[in-house]
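Beneath this line is the structure, given in structure tokens, with notes to follow.
Laboratory data are not the source of any read-out in this text; all were calculated from the coordinates shown. Just so we're clear, the structure is a prediction, and the values are computed from it rather than from any experiment. Here the Cβ positions follow ideal geometry from the backbone for every residue, glycine too, while neighbour counts run over all protein chains shown.
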Amino acid sequence: MISTAIRLARVGSPSELTAAALMGLGYPCVMLAALIPNIWFFAAAGAVTYVADWYLHQKGSYLINRLNKVRVGLPIRFLLRQLLLVLLLARENLAETPLFYAAVAGFLVFYGLQAPQGALATLIRLRRTMPVVTRNVDLHAVRIPDAPPNVLLRRSGEKMLHLDIPAMAGVVIAAGSGKDVIGYAGVAATLALGLIYTAVLVPYLRRKRRVPGAPTVLKAVSTWLREYRPTVVLYFSGSDESAYQVNMWLETMEQAEGRPLIIMRERSLVPKLAVTDVPVICVPGGTHLINLDLSMVRVTLYAANVGKNVHMLRVPTMKHVFIGHGDSDKLASVNPFSKVYDEVWTAGRAGRDRYALADVGVRDDDIVEVGRPQLAPIKSWTGAPKNPIPTILYAPTWEGWDDSPGNTSLLLAGENIVRRLLEAEKPVRVIYKPHPFTGIRNKKAKAVHERITAMVRAAAAERALDQRWAKEAAAEQSGQAAAQAELTRIEARLNVLTAPGRAGGDESEESRISLADPERLAEMKKLRAEWNDAYWRSFGWWEHKVVTGAEPKLYDCFNEADGMVSDISSVVSDFIASGKPYAVTDSAELGVEEFNRQNTAVRAAVILSNSAEELGELLDAVADPAADRLADARRELKTYLLGPDKPTSIDRFNSAVRALTAKSEARNAGVEQRIGGQFVGELDRESDSGAESNGAEAPVAR
């Protein structure tokens, strides 16, 4: 019931639902109190609306956005409260008193102040918005001043509106007590605060406080590009939820030969980019990107097929490569759009064969097998569970853009899978890590995810009370406390290292200060490894866990697990690198034979129906190597999907970069020669023509 109400109200938690209900009831109560009239009922109901509204804004509730869409936005709600106060005064027979006129005039003047304050705040933001956002790029040629204090610009409109509180409180108290001076003081305080807030914004419009204009900034970026001369670019565009797709390639780019560069298109994704020493340029405007000098780039890599790719694909002096953000048997892995690229890089032979079977126009000669450099952190299986009881990872993919039942096991099989794991005859530990996109399109998927999360957490709480685990819990208690303390220490240090600038700096200021610092990056990587180790030690090896968010990473969960249940996605292909047993759900109910025929990655998997009754085979294989009948098949499939272990994937990746760089340079040299030859020929013809007309011998063009 509560979860249904949460979904209908477009809020994210029971506390947000409570705040939404209080706000929804509060305004009718304010109106009722004004009509009765009852001053103290009005005051109490008004206070509830203030607090509930503020709480929903603090939580970033989606409900707030919906209210704006139906014309009940924040300014309207504040104005409504003020009008109801005026109605209250009238109903209290105060309409002919100086207090009434002071309140009305005060609110009108305050309402008028909101326009210049909002205009100033907007203008300051616009004048501090650069056409690019950078990381690890030295823009010393651009004078970028410090950003205004965060307290002035962050949610400035909301702060300005809340300055009506002294006037509202003063007038209500004055109406109830008969002491008009309190009302006058409240109105004066509101107007004074509004004027002060507006006035303190004015200095930030001065020239020395502004960021230079777009031409100056773009000139500085072009100068830096000519000095740095990038040779290989990772290009990315996507939604706010897709940051993981570019983050998975950062370490590979750090190891890429040549001079790497990352070009992004969405400002909102830059803060979600993991720490890296590779230069990053975010260019939201297509015109600005087109006008950047990228003539020195030889290879551009694309991690996703999106519309904005065309802004780079139009550049003929570089070779374009689709590398994707995972290797799987999904249709997305053989997108017909892939034929626009010069090459498509796949992990292993399976990717090549996949394109051949799909026949979408990608030539076999344009496919290069480079392995999956990202898989280096995945540890190989030792052949036995690392703890007294096995750990099974359930990592379903998301629901996709259509309603195909084969997209995810979550909808039809998810609860059955988790229930059977939690109720297994021989106990196992369950780690549930859903795809970051889960529930963004399908409400049913989000509801199932919430139910599974509740199941896992309830089972964890039940196991914590089970006497069978009391001894282990007592033995691990001190170690877990030490790990928790270590997590706190590491997180505090990481917070310092992650934000090298002062608090409250905007993206322009961060572009100025976010320069590459190898020592800082090395320390952060070391701390993240220590954090991951401490995280898994901070709770018992028998405790069920729901893992969401960026940390711990999926591959860290791979290393912690002894087996996995997932769907047709790159998660399965990546997990195969570990050599551990796994199961894949045939959610579309194709049948084992057809499911195997259509999906290469399941040829060494335990195939599950939507009832998940076959899970016992996976659990037996995890617990006893002798019962693992698919071990040899997994080794063969690993080579087929991901390529050989030697040479390493990063070596093959860099070899492919070198080869394509040579092709790009050969192409550019050939074009230059042809254009140069044509130009010389035109000069010869012009010279011959001139010589004939003058009766002189034509000069030889050099």
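Which value, in debye to the nearest 20, gives the size of the charge dipole of segment 214-375 about its Cα centre, when Lys and Arg are +1 and Asp and Glu are -1 at the Cβ? Present the calculation step by step, with values, prior to reporting the outcome.
Working: 18 positive and 19 negative charges, 99 e Å.
That gives segment 214-375 a dipole magnitude of about 480 debye.
What percentage of all Cα-Cα pairs in segment 142-215 are separated by more than 13 Å?
On the way: 1928 of 2701 pairs.
Of all Cα-Cα pairs in segment 142-215, 71 percent lie more than 13 Å apart.
Given C-alpha coordinates of the chain, what is the ratio Rg to Rh with the Kirkwood estimate of Rh?
Details: Rg = 31.7 Å, Rh = 30.0 Å.
Ratio of gyration radius to Kirkwood radius for the chain: 1.06.
Counting Lys and Arg as +1 and Asp and Glu as -1, what is the net charge of the other residues whose Cβ lies under 14 Å from the Cβ of residue 175? Before the final figure, lay out each step's value.
Working: positive: 91, 179; negative: 92, 96, 180.
That sum, taken over residues with Cβ under 14 Å, equals -1.
Once label points are set 7 Å from the Cα along Cα→Cβ at both residue 207 and residue 254, what is their separation, rounded to one decimal in nm?
Distance between the two pseudo-spin positions: 4.3 nm.
Only loop residues by DSSP count here, and only those with at most 14 other Cβ atoms within 10 Å; note down the GluC sites (Glu not before Pro) in segment 340-435 that meet that.
Those satisfying the criteria are 423, 425.
In whole angstrom, how long is each semi-axis of the equivalent ellipsoid of segment 1-144, when you take the square root of 5 times every eigenvalue of its Cα gyration tensor and sort them from largest down?
Details: eigenvalues 274, 134, 20 Å².
Output for segment 1-144: semi-axes of 37, 26, 10 Å.
Run down the aspartates and glutamates and flag those whose C-alpha is under 20 Å from the C-alpha of residue 159, throwing out any fewer than 8 positions away in its chain.
53, 506
Put one equal scatterer on each alpha carbon of segment 282-371, apply the Debye formula with no solvent term, and list log10 I(q)/I(0) at q = 0.19 1/Å to two decimals.
-0.85
Quick check: net charge around residue 214, other residues with Cβ under 13 Å of its Cβ, Lys/Arg +1 and Asp/Glu -1? List each step's numbers first, then the result.
Numbers: positive: 127, 128, 210, 219; negative: none.
Cβ neighbours under 13 Å give a net charge of +4.
Specify which residue in the list 224, 203, 173 is farthest towards the positive end of the charge dipole of the chain, using unit charges on the beta carbon of Lys, Arg (+1) and Asp, Glu (-1), about the Cα centre.
173
Whole number please: convex hull volume per residue of the Cα set in segment 214-375, in Å³?
On the way: hull volume 18.3 nm³, N = 162.
Spelled out: Cα convex hull of segment 214-375, divided by residues, is 113 Å³.
For a 31 Å ceiling on Cα separation, which of these pairs sit above it: 471/580; 272/379; 553/638; 69/553?
Details: 471/580 29 Å; 272/379 27 Å; 553/638 21 Å; 69/553 36 Å.
69/553, as the Cα separations exceed 31 Å there.
Cut-off is 10 Å between beta-carbons; in what order do 317, 49 appear when sorted fewest neighbours first? Don't jump to the answer; show the numbers that get you there.
Values: 317 15, 49 21.
With the sparsest Cβ surroundings first, the list reads 317, 49.
With helices defined as uninterrupted DSSP H runs, which ones in the chain have an alpha carbon span along their own long axis of at least 20 Å and mean Kyte-Doolittle hydropathy of at least -0.5?
Values: long enough: 14-35 (32 Å, 1.28); 39-58 (28 Å, 0.78); 74-91 (26 Å, 1.61); 98-127 (43 Å, 1.04); 180-201 (32 Å, 1.69); 214-228 (21 Å, 0.11); 443-465 (33 Å, -0.13); 470-498 (40 Å, -0.25); 518-537 (29 Å, -1.43); 649-694 (67 Å, -0.73).
Qualifying helices: 14-35, 39-58, 74-91, 98-127, 180-201, 214-228, 443-465, 470-498.
Could you let me know the centre-to-centre spacing of segment 155-193 and segment 208-265, using Cα atoms, in angstrom?
49
At what distance in nm do the modelled label points of residue 340 and residue 315 sit from each other, each positioned 7 Å from its Cα along Cα→Cβ?
Placing both labels 7 Å along Cα→Cβ, they lie 1.6 nm apart.
With each run of n ≥ 4 DSSP H residues scored as -39500 (n - 2.57), what mean residue ellipticity at 222 nm is computed for the chain after dividing by its residue count and rounding to the nearest 500 deg cm²/dmol?
Mean residue ellipticity, 222 nm, calculated: -17000 deg cm²/dmol.
Once segment 194-303 is represented by equal point scatterers at the alpha-carbon sites, with solvent omitted, what log10 I(q)/I(0) does the Debye formula produce at q = 0.20, 0.21, 0.23 Å⁻¹?
-1.07, -1.14, -1.29
In debye to the nearest 20, how big a dipole does the chain give about its Cα centre with +1 on each Lys and Arg Cβ and -1 on each Asp and Glu Cβ? Intermediate results must be reported in sequence, preceding the final value.
Values: 83 positive and 79 negative charges, 463 e Å.
Roughly 2220 debye, rounded to the nearest 20.
Tell me, how many Å apart are the Cα centres for segment 409-481 and for segment 581-646?
One Cα centre to the other: 22 Å.
Checking the cross-link filter: which lysines have an alpha carbon closer than 20 Å to that of residue 444, excluding same-chain neighbours under 8 positions apart?
Straight-line reach from residue 444, under 20 Å: 433.
Sum up the charges of everything whose Cβ sits under 10 Å from the Cβ of residue 371, counting Lys and Arg as +1 and Asp and Glu as -1, but leave residue 371 out.
Working: positive: 372, 652; negative: 327, 369, 645, 651.
For residues surrounding residue 371, the net value is -2.
Provide 341, 111 in ascending order of the number of other Cβ atoms located within 10 Å of each residue's Cβ, fewest first.
Details: 341 21, 111 16.
Ranked by crowding around the Cβ, least crowded first: 111, 341.
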